[in-house]
Structure formats: structure tokens, C-alpha cells
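So the structure is just underneath, and the comments pick up after that.
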Amino acid sequence: MRRSLARMFLSSFLLLLMPLVVLAQTERGSISGVVTDSTGAVVPGATVTITNLATKSSQTLTTNDQGLYEAPFMLPATYKITAAAPGFSTSVVNEAVLNVGQRARVDVALTPGDVSAQIDVVENGALLQTETASIGTVVNSRQLTELPSADRNIYSFLTLDSTVNSGFSGNAEAFRLESGGTFAISGTRASSVTFKIDGQANTDPTFGTPTITPSLDSVKEFQLQNNAYSAEFEGITQVNVATKTGGSAFHGSAFEFLQNDLLQPRNPLAARDKSGKPGKNRLRFNQFGGTIGGPLWLPRFGEGGPSVIKGRTFFFFSYEGKRQNVINLATARVLTEAERRGDFSSALGACLRSGTTDIPLRNPNGTPTGQCVRVGQIFDPATTVRNPLFSGTASALNPEFIRQPFANNQIPQARLNAVAQRIINLQQFLPNLPGLDLNFLGPAGALLINDQYSLRIDHRLSASDNIDGRLTWQTNSRDNLSVLPLQQKDVTGNGRVFNFGWTHVFGPTLVNELRLGYVRGVYGDSIEESDPTAVGVGNSLLNTLPGLLLPGSLNFGGFTGSILATTQNTYQIADNVSWVRARHALKFGFKIDENRFRNGERIDTNGRANFNGLFSTGNSSIGTGGNRNNFVADLLLGLPNSHSLTTPQLAHLQNRPWAVYIQDDWKVNNRVTVNAGLRYEYHQPFRENLLGGSRVDLENGGRLLVADPVVAQLANSPLVVCCTSSRVVDADKNDFGPRIGVAIQPFKDDPTVIRAGYGIFMADTSQFFHWQKYTPFRRGSFQGSLTSFQNPTISLDNLFPSSQFTPTSGSGISLALPGGVNPAAVNNHPVLGISSLGSYETPQSQQWSVSLQRQFPWDMVVDLTYAGSVSKNLPLQWFFNQPTFSATPANLQSLDPAANPYLRRQYENFTIGSNIVANVLSSNYNAGTAKVAKRFSQGYSFTSTYTWSKNIDQGAEIFSVFANHAFIANNLNFDDSKGVSALDVPHRWVTNGIAELPFGKGKHFWNSGGLTDKLVGGWRFSGVLTVQSGLPINPYIFNRLTNTTLSIPERGDLVGTPYLSGDAWDEAVRAWEHGGARLFLIQPGSVSLNYAPGTLGNIPRNFFRAPYGRLLNVSAAKVTRLGETSSLEVRMDMFNVTREVLHRLGSATNYTHANALTSPLLGSMPARSAFFAPHTIQLGVRLTF
């Protein structure tokens, strides 16, 4: 009766949880093996008992006719395995370690004899992977807690694997706290990584980052899988964290780690303090918390038996808090006093040249004045006239439009724009680093607050039923301080992850695992406010200044990035069945997700204005990628070349993806295992609750298909058609993922394994750009004006005219004659300006690998692996209507196709800037990895791994990644951007090690215990050394000679040797270190700006590369025993021991490159004296019991 009541209660509990369900597949591993007798013959019918040494719970199995047993869905733990059969002595395997997601093989040999006799075998876990072809890494609890870690973020330990690269400065860090960074694993995009906790989804669908980051002290270990893994698992690469569980005894920890500027050196760049010495950067880092786990005694309801239930329920609780207050010194470019007055008289340079000919300065009648147009010379836009002598093809020597220079290269005070002056005076300080490019030094930093709680409960209902549940909640906030006020945003994030699992044993060969759960992420950004009307800017939709953007990263005004407010709920259910038949270990199952996202974004709702020097340049054919004087002059004149303002975007999305799989691990014989599986995934497109979204039909000039019939009705145009399905795009129904692998031990009783695998793996599309395209149209919009050299239609005096806003009652479709364009160029017909959805084919990767493993004495294994992949359907923000390139400068009023980009566009019914998100790009990756690992024994362990790889793609991410802008170079030919990936790191070597000194109790020397042990025992040292190739550098300038009016990243021509070498490089480095000189990685003159008009130049994408990087982190600790199960650890960690600048892992960010092809500083970094790169010391104390 009580059992029936328990089942009824459990069923009711599951039904109540069904609305909360979440997927798992799965952190649990399996233990399998063959029971044989002393002759090697199999023993059918043997009883195998597997006992968790922490909880004392056990599971009993019976070997089948092949002598095989398999225990699936086992928690990562240490087990005792007992085998018995009539006529044989009992064999016991002690301390068999099962790692997260591992298929561990433990064979047991029985010896004839008395059944009451026992033979003990010590087994610490197999070093060889004999049961699967999967490629990956397990980072164990010892590494997590004993290796140095600057922020104790578990995901930072991914970089212990040499196939994992980071430091690419993707979008994730700006939006998601505690993400651990941007990771490219085995050449895959960072947004393709799947994160899990205890087999449960933990991936933020917006950026592909973790929803929460578990406290390091709550984690038992984690597994990285990056090639040839089972059909049970989804994703292109996968990181699965296994959390700790309670045991039969109480155990726990308490810890505090701190970093403080008291432990740091002084910053020579800082202002002097009261002592007359340079000050210190403010640093306050405190990470604290604790864990406790053990048995949980539950009251027994009903008659008979003890009043409490013991030994069947276990709990584990953890808390971690972090407080970090970091104020450093940072630099910015501010306007000098002379520049603010419009005085550029001291900044005139040499003559501008076209080829080898000086560009002449012309009179209003077009005749040369006898002087040249000079670098840094500013011209009066009010004097613009058509060149009376112009004929034929326009060029810098034969311009169509010309201007006259300002006298003495100074803008008259009466011409300075009042709005620009107010913004400059409100926001910018005067330079305090005169003579330097980045001429202002000021404080910048952040205050971070993080709190995380986690509770896990495991309960054994019966010998056949086990349930477990975990709830983790995390709250984060980061308040930022920027060098210039009003240019930062503050970030908050709250994550919740709940999961529930029920494992039921139907019999010795059939086991079922049910997983339910819920993932919730709530994220919100905020900005520092400032009334824009106070400086003369009206109609802004955000209470701050508009962004004022100049080339060369001269960003003034308010914050111009994305301000998100998102709530993401994921409900999931999964079921897995394990069935052993003869030599086949079958597993099959399904998962269903229910995603409900409420996403809002304000990006540019304060508006922005761009100043590229167009209106202070001497003639219409010189180009706009020139001198900073011209950029600043346009700002002072209040004449942007473009402006934009975006209305808030809000989308309520939901979808229900699902997957099914079957996996067969076939034990062909004792030395050969074949892994074969098939997975099918259905990635259902989103549906917006208010019927937002659209897609394009490019037939017959193109049209827009919308989901909302009212939008089509209000648009009242044949170019806007009702209706798509509510999900807008069609699902990819061909997502079959076959998996095949084999593990062979070629020689009997020899510790060598050869493994090979192949599979097709799919990933969800990064949600960030897709959900934007589902935003409902009927929200109003701002239609920006187009300008041209001779027609400055935009002014700061009325930056966002009321007449250019469409009403919220309208269709929301931009359908009009494009501003600034000759109507005849569009056949006098309105055209669509859209940002929409394109193809939705699922991103997929074909992966293959071959590896050789061999075990050596001293618990050491050597692994040699080749792995490769080809990926396709990678997302791109695609400007599908890009005009073909032209050698003729753009003129939107011309009817010459060579001059007017609108006459060269691909689809006549769309604007040039129309774009879609489409899964269309591809990549390939090949790598060889050598790895030597020694498991901890004899007081030390180490892992040393080296990867030699090549990563080639057409685009590294859908958003900007470090040196690679999100926009590709040629939207009409993706292969123009095919080249070395921004994620490419050809050589990467990582070594980590832990060593305990051989002194004290249980060691070789001074092991008498007592006071001696307290003094000399328990000393431990550890460290991580990373050496790798530098990151690629990709200098570019937007739309200089391709003449499309789009942001096309042009790369120039290589005309000389780009790098110094040998003694010349050494001398340049010495001058950089000691002489105050800039260090030019890319030599001046090696990149020519005289590349052929209408081309990108001949330099391949990511052609240049920063010097190699290296990083050494070390740790020293003293562990004092306080009892048999208690200890106190005091430690000191030091990071960036060698204080790298030139060889910093991410040193590529130090070089001037982004949108800076025309800069005289291209490819250089400031003098060594401009950098403060101290090592950081961290102190920690940790009590365990």
C-alpha cells in the first residue's frame, strides 16, 4: 500500500512539473565489462554489484550469455564493483572512477574457489578510452580547485585543452556576465557551443553562452566533447558540468579568495599620491562562500518501522558570492583646444597624390591654382560647385565637384555648429597626454556583484528507483565607468536552472532515465542618462546624447551599442532508455524543448550621426577614408554624412524543437567496440505572438513576404505580400546526424588503443540576430536621409526631423524613394528598405577523427589525434543587394551606372542597404594534437597538450569578432572573404601540473606526523603555462574605393615586406621598450592605399598576425590537516608572472587596425611606457571538512 502511495505521489509530482520541463542527455556515464574465469572464458549469470562509495547505494546486475554487464545512467563518482558466481571466489574492484559522460570499462576475472573468499583489486579508473571514439577532455576536481585561476570561473578551465582558443572579444562579454569569455573549440564558432549542467541544458540561446556559471566548489568535474561523440548528444561541441552530490557523511568547505591593490605594484602612468609616488590601480576582488553536503533524514509516514528514513536521501548545498571593484587607467582621443576652435593650421601635411601625381587645388572655374591639395587640409562645403572642366570619367585628377579651402586651414568661429560645441564641452576633457594619439588618460573600470546558490537532492526510492533534483539561481550586476562620461552601459543578469531526474531499473538489461527541467534567464541593461534636448537634440527615444561616430574609433556622444532587456524561459523533457542485448548496448530516447522568449532591444534609440570627412574634403573623387582633420571638421560644422535612429524592438517568441536518437555500442569482441548511432533533430523556427517577421522573395526584382496581414494591407503595395506562415521561414527537415566510431585494441594485453570516428552534428542558430527580424512592423520608424558630396542634407541642428518618423499606426514598412537618390535611378518607383529573415538551414558540421592512445607506466598516457571538420549553413548578416564594385566614385544623382550604385544593385525593388540573416557561410578545420597526461599519483600530476591547426572560413561570426567586422567584404562572392579565420591559432601548447612536496605524513620524508607534519607537510605547487601563436590582424577601411556606399571592409595592396626580422626587429623592440618609440608590426609603406579602384586590394583577409603569446600562472599552497577528514588550505596565486605586453595572449588588440587602413599608425602599438601590465597576486584560504 505504501509503495502504491509513493508511486501515486511521484506520478502526481511529475505531472505538476511537466510545465517546467527541461532536457537532459546526459552527464551520467556507464560502467560495463566482461566477467571471465581464469582461462578467459566468459561467465554468464554472474552477479555484479556496483556500489557508490560516497552514498553507499548499490545496483545489482547479472551478466548475460556473453558474460557482459552494463550499468547505465551512473553518476560521476568512485565505485566498488563486486562480482560473484557459484564455484568462484568473490572478486572486488575497489575505487573504480567514473568520469562525467564516460563509458568506463571494468572487466572482472573470477578465480575458482570458495565463494566466501574475496580477491581485492585496486582500480583507479581507466586511462585508455577503449569503449568509444569520442574526442574530448575531462577536467577533474583536483585541477579545478588546485590550479591557479584568476576569477575561479569553471569555464576558464576550458583553455587547458589546446584545441580551445579564447580572447576574441566577441559580443558575449558585453552582454553576459560570468560567461568566462568567448571560446572557439576545435575551429567552431563560439555561438555553436552547447553548455550543460548535470546533463541539463545551460545555454543562453541569445549568444550561446552559459545561462549560469556554477560555483567552482560545487563542481565535481566537467567534460569537453569536440568530435565523434555519441548520437545521444546534441550540438557541434559540448561542455557538460557534473555537480557534486551529498554522501553518507557530512562534508563541506568554506573559502575566501581576494585580490587587493595593497598586493599590487604602483602604476607609473598614474597620478602621484600624497607620498609623491605614482598611485595604484584600484583593485578589490573578494570571492567567498561555502558548501555542505551529506545525508538527509526524512520522516517516515505510516505504521511500522523506524521514525526516520536514513541512508537513502542526500543533499548538497553551495553558496558563492563575488565582489569586484576594479578601477584602472584607460586612454581616449579627445579634441585639442585648437581643434575645438576649428584651428587645423598646424596640421597641414604633404601633397595628396593620385599615383605619382600631386592632386591639384582648383579654382572655382576648375583651373589649377598652382598649389596641391594637402593632407589634413579642410575645405568649405559652402563653396561646392560642379567642376566646369570636368569631362569623361571622374577621378581625383578629374573631379566632378570641387571646393575651396578654409583660409589658414581654420573654420571661422561663426561656422562652428552650436550643438557640436555643447556636446564637446559637456563630455570631453582637455588632453592630459599631449603629443600622443590617445591623448587623454582617465579612470575606467567596473563594480561587479555576483551571488549564486545551489541545492541538489538525491533520493533512492527503492532498489529500482532513484530520483534527483537541483535548483541553482544566480544574480549578477556590473556597473561600468568609462573614460569619457555617458559612453558606458550597466549590465544585470539573473539565471535560474532547475532539473529533475528519475532512473528506473526494469531489469538487469533494461533501464530508463527521465529528465525534466526549467531554465530561465533575465537580463537587463541600463545607461547613464543625460537630457539630449539640453544640447539641442530633439526626438531622441532614449534619454542620453546621440552617438557621434568618426573613423578611427573616435566615438563621442552617448552609448551607441545594444541595450537589451530579455526574459528567456526554456522548458524541456527528455527520456533515455538503455537496453543490453547480447554484445549490443543500445540506447535510444527523445527530447522536446519549449522556448518562450520575451526580448527587447534599444540599439541606437538615442540615434547616431556619422562623420567621415565627406564635407570638408577637397574634391568628390579623393575619397572619404582620409585624414582625421576632415572627420573632426565635419563634426565641428555639424554635417554628418549619415544618421540613423531605431525605434525600440520587442519580440515575443516561442518554438518547440525536438530530437530523437538511437545509439548502439557493439562489443564485437574484447578488443573491438563499434559505436553507431543516428540522431534526428527538428529545429522549429520561431513564431512571434503579434505576427512579427518577414522574409524576402527575390524573384522578379524581389518582394517582401510578411506574417501580419494588416501590415500588407497598410503597405498597399505589390511589393509587400501577405502572408508567410506564422513562423515566417521554413524549417530544415533534413537534419539527420549519423555517427560512427570504432575503438580497437590491436594487440592482446597491450595498452594501446586506435580510435576513429565520423559524425554529422547540428547546432541551434544564434538567436540574437534572428529574434530582431521577428520584431513586429507596426511600431513606427525613422527614415534617415541620404547625402552626397554636393548635397549635405543632414545637420546636427535638426538631427532627427519629425517629418522623417513614420507613425505607429502605419505599416512600419520602409517603402519610399530613397533619399538623395536620383528618382530616375529607381525608375521613379518606391523601393523597400528591409532587414529580414533569409534561409534557415540548420548549421551543421561534418567531423572526423583518428587517434592513437598508449598507456605507459607511472599512470601516464600518450594520445595522438588528428581531427577535422567541414561546417556549412553558418549565419551571416547578408547585404544581398550590394551593388557590384566600381572604379568610379559614387554619385547617387548620376544616371551613369558606373557612378550610381543604385544602377548596379541586384534586385530593383530593394534599397542597397537591405539585408537578411541567412545561414549561408562555410568553414573547415584540420588539427593534429599530441597530449601527454599523468594521473595524480606519487604526489604529482601533469598534462601537456599541443595542437597544430588550420582554420579557414568565410566569416568568423554573425557579429564582430576582434579584428573581423561582422560585414563581409563582398556579399556577391563569399569566397572574397574566404581565408584564415579570426579564430585561427595555428600553434597552441598548454601545460599544467600539480606537485606535492614529499614531506610530512604519508610522504617519503619527515613523515613522523605531529608538529613536523604541521610545519613541513602539505606543501603544494601548481601552475599553467600557455604558449600560442598570435591572433590574426585584419586591417581595413570602409568603402574607400569600392564605391558601393555600403560598409565594405577594404584591405589594400601589399607592396613590400610587411614584417621586420632578425636584428631589425630586435632593434625596433628595444626602441619600443626603452626609447619611447611605437612598435610597427606592419611596416610603414608595405600596405599601399593606391589599390585599384573598384577592388578590395590584394591583401587576403587576416593576412597579418600578432607576435606569439605566452602566459604563466602559478600557485603555492600549504594544506594543514586538522583531523582525518578536515584540512585548512592557505594559498597564494600569481597571474601573468612574466608581465607580458608584446607577448600577451591577446596582444593583437594593442595594434591599430580596425577601420584604420589609411592611418599612419596602421599596424603599430604605443610605446612600452604606455602600458602597465603587472602580475596579479591572489590570496586564498579554504577549509574542508
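Some observations on this one:
- Condition broken by Ala659, with the remaining ones in (1) among the small types (Gly, Ala, Ser); (2) outside any strand (DSSP E or B); (3) farther than 26 Å from Asn1043 by Cβ satisfied: (2)
- Subset of segment 30-51 (residues that are farther than 13 Å from Thr82 by Cβ and surrounded by 18 or more Cβ atoms within 10 Å (Cβ to Cβ)): Ser30, Ser32, Val34, Thr36, Val43
- Residue that is nearest to Leu1046 (Cα to Cα) [pool: residues in segment 1119-1139 that are of a type outside the set (S, T, N, Q) and surrounded by fewer than 17 Cβ atoms within 10 Å (Cβ to Cβ)]: Arg1139
- When residues of segment 446-467 are limited to those that are crowded, with 20+ Cβ neighbours inside 10 Å and not basic (Lys, Arg), the one nearest to Gly558 (Cα to Cα): Leu448
- Residue check, Gly1023 crowded, with 20+ Cβ neighbours inside 10 Å and in a strand (DSSP E or B): yes
- Selection status of Arg1101, at pLDDT 95 or above, charged (D, E, K, R) and crowded, with 19+ Cβ neighbours inside 10 Å: no
- Restricted to segment 273-387, the set of strands (runs of 3 or more DSSP E) holding at least 3 residues that are free of Cβ contacts under 8 Å to residues at least 24 places away in the same chain comprises 368-372, 379-386.
- Checking Gln404, Gln428, Gln377, Gln410 one by one, the residue that is surrounded by 14 or more Cβ atoms within 10 Å (Cβ to Cβ), outside the structural domain of Gly1163 (by TED's automatic domain parsing) and under 42 Å from the mean Cα position of the chain (by Cα) is Gln428 and no other.
- Qualifying residue in segment 1148-1168 (condition: surrounded by 20 or more Cβ atoms within 10 Å (Cβ to Cβ), of a type outside the set (Asp, Glu), assigned to a strand (DSSP E or B) and outside the structural domain of Glu146 (by TED's automatic domain parsing)): yes
- Subset of segment 746-768 (residues that are surrounded by 20 or more Cβ atoms within 10 Å (Cβ to Cβ) and under 31 Å from the mean Cα position of the chain (by Cα)): Arg755, Gly757, Gly759, Phe761, Met762, Ala763, Asp764, Thr765, Ser766, Gln767, Phe768
- For segment 665-691, the set of residues classified as acidic (Asp, Glu) and either at pLDDT 95 or above or not in a strand (DSSP E or B) (or both) consists of Glu681 only.
- Qualifying residue in segment 760-768 (condition: over 22 Å from Ile912 (Cα atoms), aromatic (Phe, Trp, Tyr) and assigned to a helix (DSSP H, G or I)): yes
- Those residues of segment 1014-1060 which are of a type in the set (D, E, K, R) and touching a strand residue (DSSP E or B) at 6+ places or on another chain (Cβ under 7 Å), in sequence order: Lys1014, Arg1020, Arg1040, Glu1050, Asp1053
- Number of the exception - Gly305 against (1) surrounded by fewer than 18 Cβ atoms within 10 Å (Cβ to Cβ); (2) outside the structural domain of Gln413 (by TED's automatic domain parsing); (3) modelled with pLDDT of 90 or more; (4) among the small types (Gly, Ala, Ser): (3)
- The set of residues in segment 880-897 being surrounded by fewer than 20 Cβ atoms within 10 Å (Cβ to Cβ) and either out of contact with any Gly (no Cβ under 9 Å at 6 or more places or on another chain) or hydrophobic (A, V, I, L, M, F, W, C) (or both) consists of Ala887, Leu895, Asp896, Pro897.
- In segment 1079-1122, residue farthest from Pro889 (Cα to Cα) [restricted to those that are assigned to a loop (DSSP other than H, G, I, E, B), small (Gly, Ala, Ser) and in contact (Cβ under 8 Å) with a residue 60 or more places away in the chain]: Ala1106
- Qualifying residue in segment 273-288 (condition: under 30 Å from Asn52 (Cβ atoms), under 44 Å from the mean Cα position of the chain (by Cα) and at pLDDT 90 or above): no
- Matching option when the condition is in contact (Cβ under 8 Å) with a residue 60 or more places away in the chain, buried (at least 17 other Cβ atoms within 10 Å of the Cβ) and part of a loop (DSSP other than H, G, I, E, B), among Ala918, Ala982, Ala927: Ala982
- Residue within segment 722-738 that is closer than 17 Å to Leu815 by Cα, more than 33 Å from the chain's Cα centre (by Cα), at pLDDT below 95 and surrounded by 14 or more Cβ atoms within 10 Å (Cβ to Cβ) present: yes
- Scanning segment 400-453 for residues that are within 30 Å of Ala1167 (Cβ to Cβ) and part of a loop (DSSP other than H, G, I, E, B) yields a count of 12.
- Flag for Val522 being surrounded by fewer than 21 Cβ atoms within 10 Å (Cβ to Cβ), touching a Phe, Trp or Tyr at 6+ places or on another chain (Cβ under 9 Å) and within 30 Å of Ala242 (Cβ to Cβ): no
- Residue among Ser836, Ser869 that alone is at pLDDT 95 or above and crowded, with 20+ Cβ neighbours inside 10 Å: Ser869
- Per-region count, segment 33-59, residues in contact with a strand residue (DSSP E or B) (Cβ under 9 Å, 6 or more places away or on another chain), of a type in the set (Gly, Ala, Ser) and more than 25 Å from Pro76 (Cβ to Cβ): 4
- Out of Asn555, Asn619, Asn595, sole residue that is crowded, with 22+ Cβ neighbours inside 10 Å and more than 15 Å from Ser795 (Cα to Cα): Asn619
- Among the residues of segment 774-809, those identified as in contact (Cβ under 8 Å) with a residue 40 or more places away in the chain and closer than 23 Å to Asn599 by Cβ are Tyr774, Thr775, Pro776, Phe777, Arg778, Arg779, Gly780, Ser781, Phe782.
Each row is one residue, and each column tells you yes or no for (1) buried (at least 18 other Cβ atoms within 10 Å of the Cβ); (2) of a type outside the set (Val, Ile, Thr); (3) assigned to a loop (DSSP other than H, G, I, E, B).
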| residue | (1), (2), (3) |
| --- | --- |
| Trp989 | no, yes, no |
| Asn992 | yes, yes, no |
| Ala995 | no, yes, no |
| Lys1001 | no, yes, yes |
| Thr1012 | no, no, no |
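- Ser391 vs. criteria assigned to a helix (DSSP H, G or I) and either modelled with pLDDT under 95 or in contact with a strand residue (DSSP E or B) (Cβ under 6 Å, 6 or more places away or on another chain) (or both): no
- Contacts under 6 angstrom Cβ, first residue in segment 398-411 being farther than 20 Å from Arg353 by Cα, partner surrounded by fewer than 20 Cβ atoms within 10 Å (Cβ to Cβ) and aromatic (Phe, Trp, Tyr), 6 or more apart: none
- Any hit, segment 655-664, residues being under 30 Å from Arg581 (Cα atoms), more than 29 Å from the chain's Cα centre (by Cα) and among the aromatic types (Phe, Trp, Tyr): no
The values are calculated or read from the model by the stated rules, or taken from the named source; none is laboratory data. Remember, predicted model here, so these are calculated numbers, not experimental data. Here Cβ is always computed from backbone atoms with ideal geometry, including for glycine, and neighbour counts include all displayed protein chains.
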